[in-house]
Structures are given as C-alpha cells and as structure tokens.
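Here is the structure we will look at, set down as structure tokens.
The values are calculated or read from the model by the stated rules, or taken from the named source; none is laboratory data. Note that the structure is predicted; figures quoted are calculated from it, not measured. Ideal geometry is used to build each Cβ from the backbone, glycine not excepted, and the neighbour counts take in all protein chains shown. Heads up: the accessible areas ignore ligands, DNA and RNA and are worked out on the full protein's heavy atoms, side chains in. Shrake-Rupley method; radii C 1.70, N 1.55, O 1.52, S 1.80 Å.
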Amino acid sequence: MAFLPVTAEEMRARGWEEPDFVYVTGDAYVDHPSFGLAIISRVLEAHGYRVAMLPQPDWHTCADFTRFGRPRLGFLVTAGVIDSMVNHYTAAKKPRSQDAYSPGGQAGHRPDRATIVYCNRIREAYGNVPIAIGGVEASLRRFAHYDYWDDRVRNSILVDSGADVLMFGMGERVILEVAQWLAEGQPVEKMRIPGTCVMAHAPEEGYIAIPSAEEVARDKQAYARAFLEQYRQQDPIIGKGLCQPHGNRYLLQNPPDKPLSTSELDAVYRLPFERAYHPMYEKDGGIPALEEVQFSIAATRGCFGACSFCALTFHQGRIVSARSRKSIVEEGKLLTHLPGFKGYIHDVGGPTANFRRPACEKQLQKGACPNRQCLFPQPCKNIRADHAEFVGILRELRALPGVKKVFIRSGIRYDYLLLDKSPAFLRELTEHHVSGQLKVAPEHVSANALSMMGKPGPQVFEEFRRRFEAENRRLGKKQYLVPYFMSSHPGCTLEDAIELALYLRRENMRPEQVQDFYPTPGTLSTAMYYTGLDPRTMQRVYVPRSPSEKAMQRALLQASRPENRALVLRALRQAGRMDLVGYGKGCLIAPEKRAAPDARFSQGKKPAKRAAHTRGAEKGQEKTSARGGKLSHQALSPDGKHFPARGRSNAGKGANQASRASKHRLAHDRKRD
C-alpha cells in the first residue's frame, strides 16, 4: 500500500479532484502504527474516505494550507505526538536544539502552539470550513488549563484555535463518527459523540457544570475544584458530560469514549502501514523518532497506575485494553521481514508493559473507582496480578525464526509485578528480556514526596531490587537496574531532596537520569503546582518554584558531581544540615580544602608577579576543570557497585542495537511520562 498523497499531483494521480480531509500535522509524515496520524489516516482510508497529508506546513502564510484546495468535509489538525510546547522547551523553559519527529532531527519545523497557529491559517484561507482538532495537545488542553510557559490559565484550546470540534482520547472510533456527522451536514454544536468537545450557546441538560474559565483564572480554589471534577469524569463507563462556561458560550465535553475491544485493536494494527517515513525525508537523514519504534510492538493501551504527574488518565484512561496473542505474534513475524531487521524486537509493551488487562473485573461493568487508585497507597484487594498470558506471548515471539532477542523497554510497574504469586515473569524477564540494564522509576524515597506522586514507598522498590538481584545471581548474569528519580515535584521539600540524596549515597547510586518536574497540561501534579493545593483534599501543598531551589534539589540528586558542589553546600546550609559536610560515611560532601599559607608572607615578602601568559593559561585550566567532563550514566549492579551504561553485557549485539535506538527517545516518553 502506498503512502497517502502529500502533493496535489499525487492526489490527482489517484483520480481525486478533491480530498475528503486534509490532515495537518506538526510531525513529519511517518506511516507507522506508533504514530497517531498514521493510525487515524489509515482508519479513515479503510472506511472509504480520501485523506491528503499536509505534514509540517509553512505556517508563516496560508499558502501551504491551500495545497490540495478546499476539502469536501474539512481539515483534521494535530500538533503531533507531543504537545508542541513540550516538544520545543525543556522543564527550565530553554529551547530544545533537536526534534526527533522532524527531518534529520532538526528543530524549527513547527510553531509554538501548533494547533492554534494551524487553525488560524486555515481560517484565513477558507473561512468557515469545518476543522476538527485532536492529538495530545488538543486532548490535554480541552478545558481551561494552567499553561506553564505563559504562567497563566489559558482558555480551552477549542476556543483559542477557533476549531469546530475537539476529539480527545485515542480516536479511532471517534474519527469515524465525526466524519459521518460532517458528511451528513449536521450542526456541530449539536454533536454529542462520546470523546468529543464542542462549543454551545447554552448548557446541556444533565451535564455537570464546573467553574468557568474566568473563575478558574482568578481563583485557585475554583481551579482545583474544576480539575477534580474533570479528573473524576474521565472514566468511559461512569463518566458524565461536563460543561464549562467560556464568556457567553459553553464548552461541552461529551462523556469519554470506551476503549477499543481486543478485536477492534487487532483490526487497527492489521491496517496496511508502510512502517517507514515518507521517502521525501531521505535526503535529510530520515526521521529519528522512527528508529526508536520501528522494530517495537505496541501491545496495550491505558494505565491504572495513575501517577500524579502522568497525563494518561486524561488521554488513554485508566482501563487497560490489549491486543490478542495472535495479533502480537503476527506483527512479530512481519517485523522479521522488514528491511533493516537484525533479529532484535526492541520492545513489546505500551504505557506500562506488564499491564495486559483491567485492574479488576469490576472496571468493565462499574468503571474505575473515582475516589481511589488501584495501586496507591496500597494495592486494592480486588486487583488481579497475573502475567501468565504475557509470558506466553513473549515465549512465542522468542521462538519466531529470525528473532534473536526480544526486549522489554516500556515501563515495568514493579509494585504490580510483586503482587503476582508466580515468579515466572520476573524469571523470564531477567533471563531473556533485559538488554543489560532494566529501567525502573521509583521517582523518590521520601514518603512525603511519594504521597504526592502517587508512587509506592521505597520498601517496595527495595524488595523488587532484592528479587532482581537474586535472579541475576541464579542465572550468573551481570545485569543492572537503572532507576529514574524526579526532583522538585509538588510536595517535595529541600529536606525530602536531602533524604533522597542520602539514600543514593548509602546505596552507592549515581544517577544521571534525573528529571525535573515538568508542569504539563492535564495532570494532577500540574494542578498542585499551579494552585498550591491537592485537589483531592484541598489541603495546602508545598511547591518548589524558584529556579534556585529547583537547581539545589536537582544538584542534591547528583551530589557527587564536582560541578554541583556549590549548590549542594548551599542546600545543606539552607536546610540546617551542615552536619552532612565532612568525611564520615553519612556525609554528602567533604569540607572545602583550604590552601596552605605561603611561607613568604610570614617573612614579610610579597610573592613575585606571575607572567601574564601564565595567568591566562591557569585561568583556562580552571575553566576546563570547572566545566568538568560528562559523567557516564551509572547503573546499579547486583552487588551495589555502579557501572557505566556503555559497559558490555551478555545481551551482546542486542544491547548495542537497543542502545543506538534509545538515543532518540524523548524525555516525555517517560510515560510515568
């Protein structure tokens, strides 16, 4: 099956006078099922719609948006796989130098707030043509929301973009219903399709009213109340419609759409994807993001882990759905015949690799519990922890001709793993599916910080670590845990950061992967960051906001680095913990060494002046020393030592292959990003 047309000439070569939809995207055109634009366009094509692709158009004028003429039904607009502001800026609001979803990894191929900019250009070109927006940026900004980059509350993106309908969630079923609605010429304001938002001139009967955009912008308690109601109504079984006034109009969020069934998911992944980037990018070096997923299998959707800093609840939901064993194994066979396949399946997973079913039987009839989580603060008694099916799938994939190794590199929820009474999954994971290092995300060790994050206590991580090390000893393998930690999350004080620093020193861990908390739209943690309140309890939450404190918290997590010494010292002094400066085992840093006094001063003599070129050379040396070299990523071994990440493991070539692919993983892909 060929790529969908990207030029008017290609469109006419298919015999089309006009497309039904022009699909505008902030990402380059990659026809692979790991990319939402590929799935949505192929779903539409499979149901007889004509779709023309307009990837990364020139937004400086409206000319590029007229490439295919006016579409019969309308424009579909997405910023891409990632929110365009997250794509462009770091947690410190510094511009990123690369974009893995653009040709050659070059930044600058999409605007800030891409959804809004694209819609404005379409309106400039075609006036009242129907526009439907979707994807992560639209989905997570569908209500009035706090925007970290503007440091203020912005309206719903449906209002700011001037689009007609917003589709939230995964979208395969929704896009077909929206397409049918537009084809029938029905008024968009009357649309009540699950998984959509529209603007109306009157509130809808039976929909829950939440504080208006104007109220949440001026009153943080109102913002917290509005967010909690939004959070509670995202369940596809029990969720109700929501109504939020914006000026003299009303944002109506229709109830969420239900997850696709196993058979529906299987049908989606059977669609005729090219599994490649469009050939027009070859001259630029291709699209780096494809390297990460080209030989990976997306097996599941949804996550009941419900970490506070994760937006999955607002996008994919808490009810897990999964493809069938047959569908996954068939894709594994397909991968073995693709150009460039060298025997390594890089990943089999999803938001959380070892979730393959809803947390409990009740979720499919009564929905996820609105007032409690499945795993936090303690696992629910109704949870079903069983990896037997997943183990069977992995065994079949390993047995495929041409497959040398199958890795699991999606997140593993070790607290859920420990609930399984069978040791089979941990044994097989350790023996067959780790590429030398296993990434896990304990995030913190302070009970205070973890309670705000919605993560299990440090004793759970320690138990998993103990069992993982025991399995490695049994197998005679040297494989290491690479733990991720987060600094400056709401609720995390300087004292909490010091507690984590002491833990890292005591356990001989030197993490390079430290993530500053990033307040992205649609998360409970971002609501805490903006309001200083926990919306669930309305209790005050400490929020580290100043760049100075955030820098100190981050430095404490990497206290052994010479370049962090001044920040660590300042943090300890500010916290009244100068007892941690010394040479003892429990100290974080050594005292500053003072130079011995010059004997010539004691004799009343001045030291001779140094030559200017000598002083310059010494200054240059001091600068080089102050910068320091880049430290290797440190992994924790079974015996407590740390090893550089580039060290050889018995995963051999597979580890190297996976390592090269992982260079292009974005920090947002932390799924816990």
*When residues of region 380-399 are filtered for being within 22 Å of Gly436 (Cβ to Cβ) and out of contact with any Asp or Glu (no Cβ under 7 Å at 6 or more places or on another chain), how many remain?*
4
*Got a number for residues in region 224-246 being within 9 Å of Pro535 (Cα to Cα) and open to solvent by 20 Å² or more (accessible area, probe 1.4 Å)?*
2
*Of all residues in region 284-329 being among the basic types (Lys, Arg) and open to solvent by 10 Å² or more (accessible area, probe 1.4 Å), the one that is nearest to the chain's Cα centre (by Cα)*: Arg301
*Pull up region 29-45, narrow it to residues that are over 22 Å from Gly105 (Cβ atoms) and of a type outside the set (A, V, I, L, M), then point me to the one that is surrounded by the fewest Cβ atoms within 10 Å (Cβ to Cβ).*
Glu45
*Does any residue in region 116-145 that is on the phi < 0 side of the Ramachandran plot and among the hydroxyl-bearing types (Ser, Thr, Tyr) come within less than 9 Å, Cβ to Cβ, of a residue that is in a helix (DSSP H, G or I) and modelled with pLDDT of 95 or more six or more places away or on a different chain, and which pairs are these?*
Tyr118/Phe65; Tyr118/Ser161; Tyr126/Phe65; Tyr126/Thr66
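Being of a type in the set (A, V, I, L, M, F, W, C), buried (at least 18 other Cβ atoms within 10 Å of the Cβ) and modelled with pLDDT of 95 or more is the filter here; which residues of region 330-354 pass it?
Going residue by residue through region 330-354, those that are of a type in the set (A, V, I, L, M, F, W, C) are 334-335, 338, 341, 345, 348, 353.
Restricting the remaining residues to those that are buried (at least 18 other Cβ atoms within 10 Å of the Cβ) gives 335, 345, 348, 353.
Once the filter is applied, which keeps residues that are of a type in the set (A, V, I, L, M, F, W, C), buried (at least 18 other Cβ atoms within 10 Å of the Cβ) and modelled with pLDDT of 95 or more, region 330-354 yields Leu335, Ile345, Val348.
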*What number of residues within region 416-435 satisfy the criterion of being under 13 Å from Phe468 (Cβ atoms) and in contact with a Ser or Thr (Cβ under 9 Å, 6 or more places away or on another chain)?*
1
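Being part of a helix (DSSP H, G or I) and open to solvent by 10 Å² or more (accessible area, probe 1.4 Å), is that true of even one residue in region 67-84? Outline the logic, then answer.
Our first condition is that a residue be part of a helix (DSSP H, G or I); within region 67-84, this holds for 84.
If we keep only those that are open to solvent by 10 Å² or more (accessible area, probe 1.4 Å) too, we end up with none.
No, that holds for no residue.
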*Checking Leu419 against (1) surrounded by fewer than 18 Cβ atoms within 10 Å (Cβ to Cβ); (2) touching a helix residue (DSSP H, G or I) at 6+ places or on another chain (Cβ under 9 Å); (3) modelled with pLDDT of 95 or more, which test does it fail?*
(2)
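How many residues are touching a Phe, Trp or Tyr at 6+ places or on another chain (Cβ under 8 Å) and either open to solvent by 20 Å² or more (accessible area, probe 1.4 Å) or not small (Gly, Ala, Ser) (or both) when one looks only at region 182-209?
Applying the first criterion (touching a Phe, Trp or Tyr at 6+ places or on another chain (Cβ under 8 Å)) to region 182-209 yields 188, 191, 193, 195-197, 199-204.
Okay, now just the ones that are also either open to solvent by 20 Å² or more (accessible area, probe 1.4 Å) or not small (Gly, Ala, Ser) (or both), so 188, 191, 193, 196-197, 199, 201-204.
Of the residues in region 182-209, 10 are touching a Phe, Trp or Tyr at 6+ places or on another chain (Cβ under 8 Å) and either open to solvent by 20 Å² or more (accessible area, probe 1.4 Å) or not small (Gly, Ala, Ser) (or both).
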*Taking only region 131-175 into account, find how many residues are under 21 Å from His201 (Cβ atoms), acidic (Asp, Glu) and surrounded by fewer than 21 Cβ atoms within 10 Å (Cβ to Cβ).*
1
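Would you call Val129 part of a helix (DSSP H, G or I) and at pLDDT 95 or above? Quick ask: steps written out before the conclusion?
Details: part of a helix (DSSP H, G or I): no; at pLDDT 95 or above: yes.
Answer is no for this residue.
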*Determine whether region 442-450 contains at least one residue that is more than 30 Å from Thr537 (Cβ to Cβ) and not small (Gly, Ala, Ser).*
no
*Residue tally, condition closer than 28 Å to Gln233 by Cα and of a type in the set (A, V, I, L, M, F, W, C), over region 352-410*: 13
